[in-house]
1. Contour minus end-to-end for Cys22 and His222, with contour as 0.36 nm per residue of separation and end-to-end as the Cα-Cα distance?
2. Can you sort Glu32, Glu137 by 1.4 Å-probe accessible area, starting with the largest?
3. Could you tell me the relative contact order of the chain? Use alpha-carbon pairs under 8 Å, at least six residues apart, and round to a whole percent.
4. Over the chain, what percent of the accessible surface lies on carbon and sulfur atoms, probe 1.4 Å?
5. Ignoring everything but the protein chains, give the 1.4 Å probe accessible area of Arg66 in square angstrom, nearest 10.
6. Counting only other residues whose beta carbon sits under 12 Å from that of Asp17, what net charge do I get with K and R as +1, D and E as -1?
7. Keeping all protein chains in the complex and leaving out DNA, RNA and ligands, what accessible area do you get for Ile195 with a 1.4 Å probe, in Å² to the nearest 10?
8. If I ignore ligands, DNA and RNA and count only protein heavy atoms, how much of Lys90 is accessible to a 1.4 Å probe, in Å² to the nearest 10?
Amino acid sequence: METMKKNVRYGMVIDLDRCTGCGACMVACAVENNIPPAHQGATERTGTTWIRVYKADNRKAFPEQRAVFVPILCQHCDHHTPCVSVCPQKAVEYDRATGIVGQIPVRCLGCRYCMTACPYHARYFNWWDPVWPEGMEKTLNPDVSTRMRGVVEKCNFCHSRLQQAKARAAVEGRSELRAGEYMPACAEACPAGAIVFGELSDENSDVHQAASGGDAFRLLEHLGTEPKVYYRSRQPWVRTIADSRISSPAKEEAHG
């Protein structure tokens, strides 16, 4: 049997210059992780999704106006993970073996401290019991448990897929996964190839090369949370919006 690698750091790089905002990642995520259709009473603030595509622009008038689509999911912080530190139930765990920040619904009491602590607004409270249209329940993923009302949900890098990949490797007598053997649904579904996933600590991996490029950046890097979700763009203004310390037009006018 091959020697087991002690620790890896799974992460992804999202190329914003390629992202078209089609939403395929959101659909694939919902199908893979048994996220039910939105409740009829859901709003922008009360809906549940593990990944959401936002639109931003350079705040210029036509014809200089430019826009970009930014998929936001749990950033899987690698240092001083805010949500882990505030959870009173230990319902959030940082896996040192993979770098994945996991959510354990059965421990969650719904206090939403983690939502308040998350600087990326990548957590969602489940306001309703999951309900699917008649017959649609037959399409649910048997490897992912549905979550009850009253708990917080978030991206876990499709953890069930990691377990499946490990199981296949074990059958073949391997204790180490091959490159590309484990991939979240969003990365697999992106028609533009904008999402690259893999082991950040492997200097030969595609994701490491993409994250190390000069056009790569992370959201709110000044906070020191060391997120494992990177973004890249050749447009300087896109990289600038990743820092929340920039002033809004109203603030600029107030100080002008």
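1. On the way: separation 200, 0.36 × 200 = 72.00 nm, distance 3.00 nm.
My answer for the length gained is 69.0 nm.
2. Working: Glu32 25, Glu137 90 Å².
Per-residue accessible area, sorted high to low, gives Glu137, Glu32.
3. On the way: 448 pairs, mean separation 73.9, N = 256.
Result for the chain is 29 percent.
4. 52 percent
5. 120 Å²
6. Charge balance in the 12 Å sphere: +3.
7. 20 Å²
8. In the full protein context, Lys90 sits at about 140 Å².
The values are calculated or read from the model by the stated rules, or taken from the named source; none is laboratory data. No experiment lies behind these values; they were computed from the predicted model shown. Cβ sites come from the backbone with ideal geometry, for glycine too, and all protein chains shown count toward neighbours. Quick note on the areas: whole protein, heavy atoms, side chains included, nothing else; ligands and nucleic acids left out. Shrake-Rupley method; radii C 1.70, N 1.55, O 1.52, S 1.80 Å.
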